[in-house]
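**Q** This structure is in structure tokens; I'll ask about it shortly.
The values are calculated or read from the model by the stated rules, or taken from the named source; none is laboratory data. Quantities reported herein were computed from a predicted structural model and do not represent experimental measurements. Virtual Cβ from ideal backbone geometry, glycine too; neighbours counted across all protein chains shown.
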Ligand SMILES: [Zn+2]
């Protein structure tokens with residue numbers, strides 16, 4: 001029996017473990033899919049759940065058998081799926097409909113204990129279709145409060161009948177140790193950015209430069225690169241361009257404010273610096289670059305500033321870039337860097353020693 005997954009990148013090892021357990025008929029009763037956001041945990045969990053319910057003979061999920069069709073339609077009677085949408089917990093099927101006092105109430109951010117009891121009782125019932133029962137719980141660490149998690153422990157330890165429980169978490173440290181120890185862990189890992197960039201180019205036609213930047217920005221998590229990554233990149237892009245275009249004339253308070261705004265965005269700083277470098281390259285070649293609306297403000301600001309100074313500013317950013325990892329305080333790091341680059345561009349000399 002072959003397990004097939006589509007659309008999951010870079011998780012050969014995790015998927016291989018799942019495929020093997022299906023092939024050998026050695027499926028665990030509880031799994032924990034753990035790993036950073038955007039690594040394909042949920043996609044894999046849903047495919048695995050579907051495969052567990054599928055009655056196809058060769059590759060599973062076959063996508064054509066009745067259980068597969070029902071699972072796709074979210075109407076498989078032996079499936080429970082706790083999913084999170086817009087930070088709110090939703091249940092398929094919606095058991096809150098069966099609890100009179102909860103009927104019609106909007107979903108909340110955590111799984112209620114009475115909802116958990118409904119799930120437990122649904123799992124303890126005999127399978128409708130005569131096969132397995134499968135329960136997938138997304139973002140298990142954040143939606144299960146201690147009380148809810150404790151209510152689930154016994155079920156997790158000894159799932160009734162042929163039940164398979166799959167918990168998904170990007171922060172397994174936030175789960176009760178007693179929960180974690182009862183699950184077989186399947187690790188999802190980020191990809192090397194170069195490899196992810198290559199896939200983005202090949203499958204989505206992303207331009208080479210953009211693909212690598214996007215892959216780095218997403219820290220190698222394909223889902224992030226394909227999903228919200230592009231939007232975030234545009235936002236960083238705009239911020240870097242604006243900052244670079246105004247830097248020579250920026251007041252000290254504005255620089256401090258900028259550094260303050262970015263102080264909690266350590267992971268975005270490499271992308272910010274990268275974009276600043278690109279913008280300075282445009283400024284440096286202002287005479288050569290094609291005039292466009294987007295470049296006009298940069299060209300205007302740097303017009304009349306000697307190229308060597310822009311070049312030195314460029315080098316100062318390059319030199320400071322690897323030092324971020326040694327700096328516990330992102331705000332101070334950014335302040336020092338920006339004041340220094342400003343001084344170089346404006347006056348032609350650095351501002352003291354900012355690299356240590
Ligand atoms: Zn099937």
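**Q** Of the residues that sit in the stretch 46-65 and are more than 8 Å from the ligand (Cβ to nearest atom) and exposed (fewer than 14 other Cβ atoms within 10 Å of the Cβ), which one is farthest from residue 8 (Cα to Cα)?
**A** The extreme case among them is 57.
**Q** At least 1 residues that are within 19 Å of residue 9 (Cα to Cα) and in contact with a helix residue (DSSP H, G or I) (Cβ under 6 Å, 6 or more places away or on another chain) in each: list the helices (runs of 4 or more DSSP H) lying fully within the stretch 146-234 that qualify. If you could, list the steps in order and put the result at the bottom.
**A** Values: elements: 146-157, 177-180, 193-204, 208-217, 222-226.
Those helices (runs of 4 or more DSSP H) span 193-204, 208-217, 222-226.
**Q** Can you tell me which residue in the stretch 66-79 is nearest to residue 126 (Cα to Cα), limited to those that are in contact with a helix residue (DSSP H, G or I) (Cβ under 9 Å, 6 or more places away or on another chain) and near the ligand (Cβ under 10 Å from one of its atoms)?
**A** Filtering first and then ranking leaves 67.
**Q** Output the number of the condition that residue 15 fails; it satisfies all remaining conditions of (1) part of a helix (DSSP H, G or I); (2) surrounded by fewer than 19 Cβ atoms within 10 Å (Cβ to Cβ).
**A** For residue 15, the failing item is (2).
**Q** Shifting gears a bit: Go through the stretch 51-69 residue by residue and tally those that are assigned to a helix (DSSP H, G or I) and out of contact with any strand residue (DSSP E or B) (no Cβ under 8 Å at 6 or more places or on another chain). Please lay out each step first, then the result.
**A** Quick first cut of the stretch 51-69, residues assigned to a helix (DSSP H, G or I) only: 51-53, 66-69.
Checking which are out of contact with any strand residue (DSSP E or B) (no Cβ under 8 Å at 6 or more places or on another chain) leaves us with 66-69.
Within the stretch 51-69, residues that are assigned to a helix (DSSP H, G or I) and out of contact with any strand residue (DSSP E or B) (no Cβ under 8 Å at 6 or more places or on another chain) number 4.
**Q** I would also like to ask the following. What are the pairs with Cβ atoms under 8 angstrom where one residue, in the stretch 48-75, is farther than 20 Å from residue 165 by Cβ and outside the structural domain of residue 129 (by TED's automatic domain parsing) and the other, located anywhere, is within 7 Å of the ligand (Cβ to nearest atom) and at pLDDT 95 or above? Sequence gap at least six, or different chains.
**A** Listed pairs, sorted by first residue: none to list.
**Q** Among the residues of the stretch 80-95, is any more than 10 Å from the ligand (Cβ to nearest atom), part of a loop (DSSP other than H, G, I, E, B) and over 24 Å from residue 148 (Cα atoms)? Outline the logic, then answer.
**A** So the first thing to find is which residues in the stretch 80-95 are more than 10 Å from the ligand (Cβ to nearest atom), and the list is 80-95.
Narrowing the set further to residues that are part of a loop (DSSP other than H, G, I, E, B) leaves 86-87, 93-94.
Right, trim to over 24 Å from residue 148 (Cα atoms) and you get none.
No, the stretch 80-95 contains no residue that is more than 10 Å from the ligand (Cβ to nearest atom), part of a loop (DSSP other than H, G, I, E, B) and over 24 Å from residue 148 (Cα atoms).
**Q** So how many residues does the stretch 253-285 have that are touching a residue at least 40 places away in the same chain (Cβ under 8 Å), loosely packed, with under 14 Cβ neighbours inside 10 Å and part of a helix (DSSP H, G or I)?
**A** So the answer is 2.
**Q** Would you mention how many residues in the stretch 76-92 are farther than 18 Å from residue 113 by Cβ and without any contact (Cβ under 8 Å) to a residue 40 or more places away in the chain?
**A** 4
**Q** Could we say that residue 145 is surrounded by 19 or more Cβ atoms within 10 Å (Cβ to Cβ) and modelled with pLDDT under 95 here? So that I can check it myself, show each step before the final result.
**A** On the way: surrounded by 19 or more Cβ atoms within 10 Å (Cβ to Cβ): no; modelled with pLDDT under 95: yes.
Answer is no for this residue.
**Q** Filter the stretch 22-36 down to the residues that are part of a loop (DSSP other than H, G, I, E, B) and within 24 Å of the chain's Cα centre (by Cα), then identify the one that is surrounded by the most Cβ atoms within 10 Å (Cβ to Cβ).
**A** Step one: filter the stretch 22-36 for residues part of a loop (DSSP other than H, G, I, E, B), giving 24-29, 35-36.
With the extra rule that they be within 24 Å of the chain's Cα centre (by Cα), the set shrinks to 35-36.
On the way: 35: 22, 36: 17.
Checking each candidate, the answer is 35.
**Q** Please pick out the residue among 43, 39 that is surrounded by 14 or more Cβ atoms within 10 Å (Cβ to Cβ), part of a loop (DSSP other than H, G, I, E, B), at pLDDT 90 or above and in the same structural domain as residue 133 (by TED's automatic domain parsing).
**A** Working: 43 fails: part of a loop (DSSP other than H, G, I, E, B).
The unique qualifying residue is 39.
**Q** Looking at the stretch 127-138, is at least one residue surrounded by fewer than 15 Cβ atoms within 10 Å (Cβ to Cβ) and in a helix (DSSP H, G or I)? If you could, list the steps in order and put the result at the bottom.
**A** First pass over the stretch 127-138, keeping only residues surrounded by fewer than 15 Cβ atoms within 10 Å (Cβ to Cβ): 128, 130.
From what's left, in a helix (DSSP H, G or I): none.
No, the stretch 127-138 contains no residue that is surrounded by fewer than 15 Cβ atoms within 10 Å (Cβ to Cβ) and in a helix (DSSP H, G or I).
**Q** Moving to a separate point now. Taking the options 161, 174, name whichever one is modelled with pLDDT under 95 and touching a strand residue (DSSP E or B) at 6+ places or on another chain (Cβ under 7 Å).
**A** Working: 174 fails: touching a strand residue (DSSP E or B) at 6+ places or on another chain (Cβ under 7 Å).
Every option except 161 fails the conditions.
**Q** Of everything in the stretch 148-189, what is under 24 Å from the mean Cα position of the chain (by Cα) and buried (at least 22 other Cβ atoms within 10 Å of the Cβ)? Give them in sequence order.
**A** 165, 166, 167, 168, 169, 179, 183, 186, 188
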